[in-house]
Amino acid sequence: DLLDAEYMAYMLKYDSTHGRFNGTVEVKDGHLVVNGKTIRVTAERDPANLKWNEVNVDVVAEATGLFLTDETARKHIAAGAKKVVLTGPSKDNTPMFVMGVNDKTYAGQDIVSNASCTTNCLAPLAKVLNDKFGIVEALMTTVHATTATQKTVDGPSHKDWRGGRGASQNIIPSSTGAAKAVGKVIPELNGKLTGMAFRVPTPNVSVVDLTARIEKKATYK
């Protein structure tokens, strides 16, 4: 991480949303020590320079959001890691897996994507519904908590005009790739789902609503 280790320790210990961390957090020799366990801290912009081989790393969780292709994430492999998991949807054809949905099809790939938070919420729901009743088509709506990319007050947005509105004052319609991503982890649903998101002024907790037209008859019971 490019942040100073002391600042990282402070941010971990005191969180505005989740409260105070009840364990111990300190910095020793430039590294984080959490509950007595030392966590190596580096400040490299290029993953190829991280020297994962020196600490015998098996799996790297790529959570920066900056290296979301096989080519860029593979720099972790070059640095000595054995596997890489992207914590968001990839920007290329990197295989995507959602636990409880298609994780059984994992075939040992070096680099995989764990999809987005919305896809991890939506895909298991869609799988259960499709397995039991068969989905003809479906519409997803997610009510999503504010994210760090939004504006604190009204300002220009490079993506769309609505996205420039103040996060704490508005319910903002937004696009989402979650419905399309479901088609990647459940191929038989490819093209059957669409959806949209609403960014709402809450710091935490989101929800997904799925409305579907199904093949088999169903009752509320």
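Any read-out appearing in this document is the output of simple, stated calculations on the displayed coordinates, not a laboratory observation. Please read these numbers as outputs of a predicted model, since none were measured by experiment. Using ideal geometry, Cβ is built from the backbone for each residue, glycine included, and neighbour counts are taken over all protein chains shown.
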Could you work out the helix-only [θ] at 222 nm for the chain, with each DSSP H run of four or more residues adding -39,500 (n - 2.57) and the total divided by the number of residues, to the nearest 500 deg cm²/dmol?
-6000 deg cm²/dmol
For the chain, built as a Gaussian network whose Cα springs stay under 10 Å, the top-fluctuating residue of 84, 207, 112
207
Alpha-carbon centroid distance for the pair the stretch 56-74 / the stretch 5-52, whole angstrom
19
Placing unit charges on C-beta atoms (Lys and Arg positive, Asp and Glu negative, everything else neutral), compute the dipole magnitude of the stretch 1-152 about its Cα centre in debye, rounded to 20.
260
If neighbour count is taken as other Cβ atoms inside 10 Å, put 194, 94, 119 in order from fewest to most.
194, 94, 119
Please tell me the relative contact order of the chain in percent, rounded to the nearest whole number, where contacts are Cα pairs under 8 Å and at least six residues apart.
16
What label, among (i) 30, 23, 15; (ii) 34, 25, 17; (iii) 32, 20, 15, belongs to semi-axes √(5λ) of the Cα gyration tensor in Å computed from the structure on display?
(ii)
Can you tell me which aspartates and glutamates have their Cα less than 15 Å from the Cα of residue 127? Leave out same-chain residues fewer than eight positions away.
103, 137, 188, 209, 215
Sequence-distant or interchain residues sharing an amide H contact under 5 Å with residue 168, placed H: which?
none
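Taking Cα pairs under 8 Å and at least six residues apart, what relative contact order does the stretch 5-113 come out at, in percent?
Numbers: 154 pairs, mean separation 19.7, N = 109.
Over the stretch 5-113, the number comes to 18 percent.
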For each of 182, 101, 59, 85, count neighbouring Cβ atoms within 10 Å of the residue's Cβ, then give the residues from fewest to most.
59, 85, 101, 182
Per residue of the stretch 154-162, what does 6.51 cos²θ - 1.76 cosθ + 1.60 with θ = phi - 60° give for ³J(HN,Hα)? Whole Hz please, x for Gly and Pro, Karplus curve as stated.
3, x, x, 10, 6, 7, 7, 4, 4
The lysines whose Cα lies under 19 Å from the Cα of residue 37, excluding any fewer than 8 residues away in the same chain, are 13, 28
